[in-house]
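Peer 1: This is the structure I want to talk about, given as structure tokens.
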Amino acid sequence: MSNTQLSPIEQRVDANQRLVAFSAATGSILLAIQHIVIEAHGPEWLSVSSSMASAAAWLLFLVAMFKNQRIFKTEDGKAYRAQLEGDEILQRIQKEAFTWGFAVMLMIQVVMILTFSFFDPHFLSIPVAATSTMAGGIGIAVLRYQILWSR
Amino acid sequence: MSTNDDPRLLNKLKVRRAMKDMTQDALAKQIGVTRKSVNSIENGHFVPSTELALKMAQVLECTVEELFQLPD
């Protein structure tokens, strides 16, 4: 293995981590789309297909989480987990990703309240607001984490 | 903000590591972080904490000043 090449355990954990992150982001974004389509009285096929795609993404998320547990139960996995737990850079990245996600959630809330309460208050239902906020927050947090961790 | 793309701190980590014939992974294991973190510090993306800088210096048998310098 060369100096900067990823070790097999790093590759496995990274690949699975990407799957966990992007399936959660995709699942929440599709869930938000589903509720927006329903609230906007959009075509039924679109709400059904986004709902099914969201469910598939969340299923993939569960599978990836289960796979994560299995990876960290191996000897290499346990050693790598110990390294990850003591890694201050990773902790900084997690904090920053969380901060970005939280800031975006707050921004979405403000934008939604200002925009929809002015133009169309009926559109601002709890399912739309909650899922959109969640999708934005998770999406940005995941994206920020991946950008920082893959540098 | 903790991240650092334009180096506030220059480092000679790569040179010092090469002098000790040590891989990023070996250094990472000795200081208790991941290889990726060593790589990101080496490339100037992150500035390590004082504790981590001291650990690096200890493992690479040099002073912190020999490892990290402020840009001119």
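Peer 1: Can you name the residue in the range A:137-151 that is at pLDDT 90 or above and among the small types (Gly, Ala, Ser) and, of all such residues, is nearest to B:His45 (Cα to Cα)?
Peer 2: A:Ala141
Peer 1: Which one is nearest to the other protein chains (Cβ to nearest Cβ) among residues in the range B:35-52 that are within 13 Å of B:Arg8 (Cβ to Cβ) and open to solvent by less than 30 Å² (accessible area, probe 1.4 Å)?
Peer 2: Pass one, the range B:35-52, residues within 13 Å of B:Arg8 (Cβ to Cβ): B:41, B:44-48.
Cutting the leftovers down to open to solvent by less than 30 Å² (accessible area, probe 1.4 Å) gives us B:41, B:44, B:46, B:48.
Values: B:Ile41: 7, B:Gly44: 10, B:Phe46: 5, B:Pro48: 7 Å.
Checking each candidate, the answer is B:Phe46.
Peer 1: Between a residue in the range B:44-72 that is closer than 15 Å to B:Arg17 by Cβ and any residue that is assigned to a helix (DSSP H, G or I) and open to solvent by 60 Å² or more (accessible area, probe 1.4 Å), which pairs come within a Cβ distance under 6 Å, given they are 6 or more apart or on different chains?
Peer 2: Pairs found: B:Val59/B:Gln30.
Peer 1: May I pose another question? Given (1) facing chain A (nearest Cβ under 9 Å); (2) under 10 Å from the mean Cα position of the chain (by Cα), identify the lone condition not met by B:Val64.
Peer 2: Unmet for B:Val64, out of (1) facing chain A (nearest Cβ under 9 Å); (2) under 10 Å from the mean Cα position of the chain (by Cα): (1).
Peer 1: Sticking with this one: Can you tell me which residue within the range B:5-34, out of those that are facing chain A (nearest Cβ under 8 Å) and either in contact with a Cys (Cβ under 7 Å, 6 or more places away or on another chain) or among the aliphatic types (A, V, I, L, M) (or both), is farthest from A:Lys78 (Cα to Cα)?
Peer 2: First, pick out the residues of the range B:5-34 that are facing chain A (nearest Cβ under 8 Å): B:23-25, B:28-29, B:32-34.
Those left that are additionally either in contact with a Cys (Cβ under 7 Å, 6 or more places away or on another chain) or among the aliphatic types (A, V, I, L, M) (or both): B:28, B:33.
Working: B:Ala28: 16, B:Val33: 14 Å.
Out of the qualifying residues, it is B:Ala28.
Peer 1: Among B:Gln69, B:Gln58, which is the only one that is touching a Lys or Arg at 6+ places or on another chain (Cβ under 8 Å) and either at the interface with another protein chain (Cβ under 7 Å from one of its Cβ atoms) or among the polar types (S, T, N, Q) (or both)?
Peer 2: Details: B:Gln58 fails: touching a Lys or Arg at 6+ places or on another chain (Cβ under 8 Å).
One residue alone meets the criteria, B:Gln69.
The values are calculated or read from the model by the stated rules, or taken from the named source; none is laboratory data. On a predicted model such as this, the values are computed, not experimentally measured, just so you know. Neighbour counts run over all protein chains shown; Cβ positions are idealised from the backbone, glycine included. When the accessible area is computed, the model is the full protein with side chains, heavy atoms only, and any ligands, DNA or RNA have been set aside. Shrake-Rupley method; radii C 1.70, N 1.55, O 1.52, S 1.80 Å.
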